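Everything on this sheet refers to the single structure shown next.
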Amino acid sequence: MTPARQSDTLSNVTSTTRGAEKDTVESGGPDATHTVAVHDGREWHELEVQHGRTLRAVLREYDLSPHGWVTEHVNCDGQGHCSACAVEIEEGADDPEHWLDAFLSGRDLGRLSCQIEVTQDMALRV
Ligand code: FES
């Protein structure tokens, strides 16, 4: 059963950098976007995201931060060291390459959103 999703279309996405976190928009035509469905604990939001963006940066940009009220300010700024940006991926992420992301994923403890590039349609819970 597909949950009801609130449409939240992203237009004019630009590249952003938060601290040392890489967030590069790759060039491409109009097909170089992906739909990212995000459940924030209350409802689904549907975002159109340019290919190659870092998931954590996108989530924060849309006020769907993966962080809690403390870890929003106390985190490793996307370096892959703290695990405070973990999200529950339901579908659509590439296999983890970063050691901590792989460690958490292998124990069903979530994925590090700072280590995931949006390369396909995705669904996740923050
Ligand atoms: S922000 Fe620290 S691991 Fe992602």
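Derivation of every value follows stated rules applied to the coordinates shown; laboratory data play no part. Just so we're clear, the structure is a prediction, and the values are computed from it rather than from any experiment. Virtual Cβ from ideal backbone geometry, glycine too; neighbours counted across all protein chains shown.
Can you work out ³J(HN,Hα) from phi for every residue in the stretch 113-126, in order, using Karplus 6.51 cos²θ - 1.76 cosθ + 1.60 and θ = phi - 60°, giving whole Hz and x for Gly and Pro?
5, 6, 10, 10, 8, 7, 10, 6, 4, 9, 9, 7, 10, 9
Whole-Hz ³J(HN,Hα) for each residue in the stretch 93-108, computed from phi via Karplus 6.51 cos²θ - 1.76 cosθ + 1.60 with θ = phi - 60°, x for glycine and proline: what do you get?
With coefficients 6.51, -1.76 and 1.60, one gets 9, 5, 4, x, 10, 6, 4, 6, 4, 5, 4, 5, 4, x, 10, 6 Hz.
Quick one: length gained pulling Y62 to E43 fully straight, 0.36 nm per residue minus the C-alpha distance?
That works out to 5.4 nm of additional length.
Counting other Cβ atoms within 10 Å of each Cβ, which trypsin sites (Lys or Arg not before Pro) in the stretch 55-118 have at most 14 and sit in a DSSP loop?
Filter output for the stretch 55-118: R107.
Please report, in debye to the nearest 20, how large the charge dipole of the stretch 33-125 is about its Cα centre when each Lys and Arg carries +1 at its beta carbon and each Asp and Glu carries -1 there.
Computed charge dipole of the stretch 33-125: roughly 280 debye.
Any idea which of V58, H73, V118 is furthest toward the positive side of the dipole for the stretch 33-125, if Lys and Arg beta-carbons carry +1 and Asp and Glu beta-carbons -1?
H73
Given H placed 1.01 Å from N in the peptide plane, which residues other than close sequence neighbours of L47 have an amide H under 5 Å from its amide H?
Amide H neighbours of L47, under 5 Å, 5+ apart: V36, A37, V38.
With the calculation restricted to Cα positions, what are the radius of gyration and Dmax of the stretch 33-125 in angstrom?
12.0, 32
If amide H atoms are built 1.01 Å from N in the plane of the peptide, which residues on other chains or at least 5 residues away come under 5 Å of the amide H of A86?
S113
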